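See structure below.
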Amino acid sequence: MLINRENLEAIFRAFNTIYQENFQNYKQTYLQIATALDSTTSQEDYSFLSAMPKMREWLGERQFKNLTGYKYPVFNKDWESTVPLNRNDIEDDKIGLFKPVVAEMARAAASHPDELIFDLLKSGFETPCYDGLPFFSPNHKVNKKTVSNMSAPASDPGNAWFLFDTSRAIKPLVFQQRKKPELIAAIDPKDMNVFLRKEFLYGVDTRDNAGFGLWQFAFGSTMPLTPENYAAARASMMAVCDNAGRKLQVIPNLLVVGGSNEGAARQITDGEFQAATGGMASNPWKGTAKTMVTPYLD
């Protein structure tokens, strides 16, 4: 194939079609536990998360939520993926060999929010959220009382599992996007990279980041995933109140696990029966939540 601008642009259009098709075909899962928000600057401040709205009888003047002491900025980061296409491969009409690479670039770009969200989720036992404490902590403060949204053994923590209420407008986590991922290329035959290395460059870049939303809608555990521990987590979440002592009406509806906990999770949320003294008993937890299995947790 002749190396000229017209042919190089035609190759890029073909690659971009492959990129768009594979990007759209990837089934993202992060939106089940994260709110997607557009970002308009280098960072976003989520201190407002501490102001949970509740109705009250209007006596005297309106009462305003006090955000003093809360500061939770999430800074956007730059991300990229770049691969070279050798000039000789274009001259020898070996473009077809590069098409699977473009398809994988699209998959990597589409799965990027999933990776960010679930990596952040795994770090939730150490990484702070808006109140300055780890997202999963036994020491959250509500109306001067200590509230826990986690359970963990003293040793041998095992594989973590997570329970969420995803029915609310604000999800337990946040994914903010400043710039959507797009395929770009350096395909000028006079480009210095072509002169020095005989390579045309194709890449994807984006600006975004992930952060924690409301810990009240999430529970993390490194205890064994048993019906008893699942029941305790549900009860703990449903008991959470706001600063005025009123229930937040949290009802867990999603159990998120890695592959190692899939069997236990599906037995709890989908099984007809569970083990009981003297035999089998009907499973009271069937249908109380959906199970989502993700490879990012193991």
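Of note, G263 satisfies the criterion of being outside any loop (DSSP other than H, G, I, E, B), free of Cβ contacts under 8 Å to residues at least 40 places away in the same chain and under 23 Å from the mean Cα position of the chain (by Cα). Only a single item in (1) at pLDDT 90 or above; (2) of a type in the set (K, R); (3) surrounded by 12 or more Cβ atoms within 10 Å (Cβ to Cβ) is not met by R13, and it is number (3).
Out of the residues in region 268-298 that are under 16 Å from T226 (Cα atoms) and under 25 Å from the mean Cα position of the chain (by Cα), state the one that is surrounded by the most Cβ atoms within 10 Å (Cβ to Cβ). The residue in question is I268.
The residue that is modelled with the lowest pLDDT, counting only those in region 218-259 that are of a type in the set (G, A, S) and in a loop (DSSP other than H, G, I, E, B), is A244. Could you grab the pairs with beta carbons closer than 8 Å, sequence gap of 6+ or different chains, first residue in region 74-102 and closer than 20 Å to R197 by Cβ, second one at pLDDT 95 or above and polar (S, T, N, Q)? Every condition considered, the pairs that remain are E80/T206; V102/N22. The criterion of being polar (S, T, N, Q) and either under 30 Å from L8 (Cβ atoms) or crowded, with 17+ Cβ neighbours inside 10 Å (or both) holds for N149.
L37 meets all of the listed conditions (1) of a type in the set (A, V, I, L, M); (2) at pLDDT 90 or above; (3) in contact with a helix residue (DSSP H, G or I) (Cβ under 6 Å, 6 or more places away or on another chain) but one, namely (3).
The values are calculated or read from the model by the stated rules, or taken from the named source; none is laboratory data. Since we're looking at a predicted model, the values are computed, not measured. All Cβ positions, even for glycine, are placed from backbone atoms using ideal geometry, and neighbour counts span all protein chains on display.
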